[in-house]
Structure formats: C-alpha cells, structure tokens
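*Asks:* I have a structure here, written as structure tokens, and I will follow up with some questions on it.
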Ligand code: CP
Ligand code: NVA
C-alpha cells in the first residue's frame, strides 16, 4: 500500500538504518524531535512486556503524540476477529501501529492490511526494534569498525535473528555460540551470510575469543514455556559467567535484551558487574524507538 513499515530488519536498507541511528544520536544529545498533528500510536500486544511497551509509549509522548495500549486478550482478536480486519480498523483511528504477536505471519498480515505504518515489537522470529537499539548501543560504546559480536545461548531466537541481520548489514562480524543440537534459523543465517560474516560454533571458548560484545537472551522465550525443562538442559553449558567473559577481550561489554534470569543464561556477577551495559541498553530502546517512529511518520526525515 506504499506505507513504510518495520516488520523485519529486512524491510530497511543499510542507508535507512544509518538514518535511524543518526536521528537516534540527535535525540540522545537532547535535540528532541517533535511530530506535527498530535499523532496516535496503537500498541497491540499478545505477550507480556515491560521495556518495549513502556519505552514505546514514552517515546510517542516525547515526540508530542499519544498512545493507546491494547492487550489483545481484551480485543475481539481473542474471539476470532481476523488480524487483517483488526489492521483495517486500527488504521481508521490511529496513525501508526506497534504490535507484539506470537506469529511472525500475523505481523506481515497486519502490515499488509494496515494503511498506516506497522512496527514489529517482537514475534517468534524477530525483534527488530531491539536489534536497532542494540546496534545503536554498540556503535555508541564500541564503534562498528572491525568489531566482533558473539551471541551466546539460544542461537535460533528472535533476538539472534534480528541481531545477526542488523550486524551483517552494517559490516559487523557475528559469531553464534550454542549447543550443536540447535541450529540457527536457516532463512536468517542465509540472508545474514549474503550480507556479511556469521560463524557458528558450539565451543564457547573459541566463540568468545576476541569478542568485543557478548550478548545473550533468555533460554526459554515467550511461547516456549512447554519446552522449558528440555531447553534448560540443552543450554546449560552456555551461561555467560566470569569464566566465559574471560575468553573475550578484556574490555568486552556484556549485553542482554532483558528480562534476565540470573544463574540461568547469565551469572549475577556478570550482569551486575562492570562490563555489563544492560541499563544503558534498556535506556536506548526509548531513544531509538523515538527515531523509528519519527522516521516512519515523517517522510522528510528519510
Ligand atoms: N527487551 C524487551 O523486549 O523487553 P520486554 O519484553 O520487557 O519488552
Ligand atoms: N527471546 C525473548 C526476548 C524477550 C524480550 C522472548 O521472545 O521471550
């Protein structure tokens, strides 16, 4: 329909990502961008959220707009209304939609049927706003030239998929470190390898060697609760603890999209220690989401 959406990192080019990072940097420096016309953001959420929900609502408020939060269980989606019909209706009342949905197909369906921009706030396959804010954090703290990002744990997660796409698009090397029983999602690693370098290893020492950024996420994502026991067993050797951190560069930073489980995917001394940048990372979500909304709603910014 000619409306620019962000359902996947693949929806935006390298130049567009650089533009979003540039707007983010201006906002971060205190040049708060304002949108004209008091725009309205709808947040349609099927899963829980602390950071993404709050930071998107705060971001829209800071841009001079307002937001409406819709817990999907209290909408007619819970009684079988189609996502496509929901998209058409929300487009009548609001200027932009952010959605956190179980199925990635549903976000593409939402975007196809909406006449306003749609932003993916996490699906089973992607977490693009997280990846954009994380690459902003990495750029700010480490620069992007010649660095290595090591992602440890569930190398087939939504976070891993979006992170490897954004990193390779910007020329950053990625190593995925996880058990040999788990493979990265085929279509994501194939796309990422067309753009840049992605190594995969089950050897945590080798995988973290020379890394500038160590990144992990939960071992059991939302929607995978029935596999919890199996997954915790499968990933047990991939907790980022002090020993794991010692394999990376001395000045490496530790990142986690949060929520975190201390003693599971990361030890308390690492996430609460000096190398951890998780609070800066969480803060930057609001900055970068402001930039994403601004970029999508203000054509002159592109
Ligand atoms: N990182 C992240 O998406 O956190 P929430 O689930 O709290 O939104
Ligand atoms: N992979 C996690 C990310 C949470 C922000 C999940 O989907 O639950």
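Readers should treat all values here as calculations from the given coordinates under stated rules, not as data from a laboratory. The structure displayed is predicted, hence computed values, not measured ones. All Cβ positions, even for glycine, are placed from backbone atoms using ideal geometry, and neighbour counts span all protein chains on display.
*Asks:* Counting each pair of different Cα atoms once, what's the Kirkwood radius of the stretch 229-299 in Å, rounded to one decimal?
*Replies:* 14.1
*Asks:* Another question, then. Would you order 255, 245 from fewest to most other beta-carbon atoms within 10 Å of each residue's own beta-carbon?
*Replies:* Numbers: 255 26, 245 22.
Ordered from fewest to most neighbouring Cβ atoms within 10 Å, 255, 245 come out as 245, 255.
*Asks:* Here's something else I'd like to know. Once all Cα-Cα distances of the chain are split into 20 Å bins that start at 0, what whole-number percent is in each one?
*Replies:* Spelled out per bin, shortest first, that is 35, 57, 7.
*Asks:* How large is the convex hull of the C-alpha atoms of the stretch 52-139 per residue, in Å³?
*Replies:* 102
*Asks:* By the gyration tensor of its Cα atoms, with a ≥ b ≥ c the square roots of the eigenvalues, what is the shape of the stretch 166-286: rounded for a/c under 1.5, prolate for a/b over b/c, or oblate?
*Replies:* Rounded is the answer for the stretch 166-286, as its axis ratio a/c remains below 1.5.
*Asks:* On a full-extension model of 0.36 nm per residue, what is the gain between residue 269 and residue 82, subtracting their alpha-carbon distance, rounded to one decimal in nm? Write down the numbers at each step before the final one.
*Replies:* Details: separation 187, 0.36 × 187 = 67.32 nm, distance 4.61 nm.
62.7 nm is the gain from fully extending residue 269 to residue 82.
*Asks:* At a temperature of 37 °C and a viscosity of 0.692 mPa s, determine how fast the stretch 1-103 diffuses translationally according to Stokes-Einstein, using the Kirkwood radius over alpha-carbon pairs as Rh; express D in µm²/s, rounded to the nearest whole number.
*Replies:* Roughly 215 µm²/s, to the nearest whole number.
*Asks:* Which angle between 0 and 90 degrees, to the nearest 10, do you get for helix 104-113 versus the longest principal axis of the chain when only C-alpha atoms count?
*Replies:* 20
*Asks:* Decide, for the stretch 105-251, between rounded, prolate and oblate: order the square roots of the alpha carbon gyration tensor eigenvalues as a ≥ b ≥ c, take rounded if a/c falls under 1.5, and otherwise choose prolate if a/b is larger than b/c, else oblate.
*Replies:* Oblate, since a/c reaches 1.5 and b/c is not below a/b.
*Asks:* Run the numbers for residue 38 and residue 262: contour at 0.36 nm per residue of separation, minus the present Cα-Cα distance, in nm. Walk me through the intermediate numbers first.
*Replies:* Values: separation 224, 0.36 × 224 = 80.64 nm, distance 4.13 nm.
Residue separation times 0.36 nm, minus the Cα-Cα distance, leaves 76.5 nm.
*Asks:* Hey, fewest Cβ within 10 Å first, where do 234, 239, 225 land in order?
*Replies:* 225, 234, 239
*Asks:* Rounded, prolate or oblate for the stretch 7-51? Axes are the square roots of the Cα gyration tensor eigenvalues, ordered a ≥ b ≥ c, and the cut-off for rounded is a/c under 1.5.
*Replies:* oblate
*Asks:* Another question about this same structure. For the stretch 99-182, I need the span (max minus min coordinate) of the C-alpha atoms along each principal axis, in Å, sorted largest to smallest.
*Replies:* Taking max minus min along each principal axis of the Cα atoms, the stretch 99-182 gives 40, 34, 16 Å.
*Asks:* If you build a Gaussian network model of the chain, linking Cα atoms that sit under 10 Å apart, which residue out of 113, 105, 186 swings the most?
*Replies:* Top of the fluctuation ranking is 186.
*Asks:* Pairing the Cα long axis of helix 51-62 with the longest principal axis of the chain, what angle in degrees results, from 0 to 90 and rounded to the nearest 10?
*Replies:* Once rounded, one gets 50 degrees.
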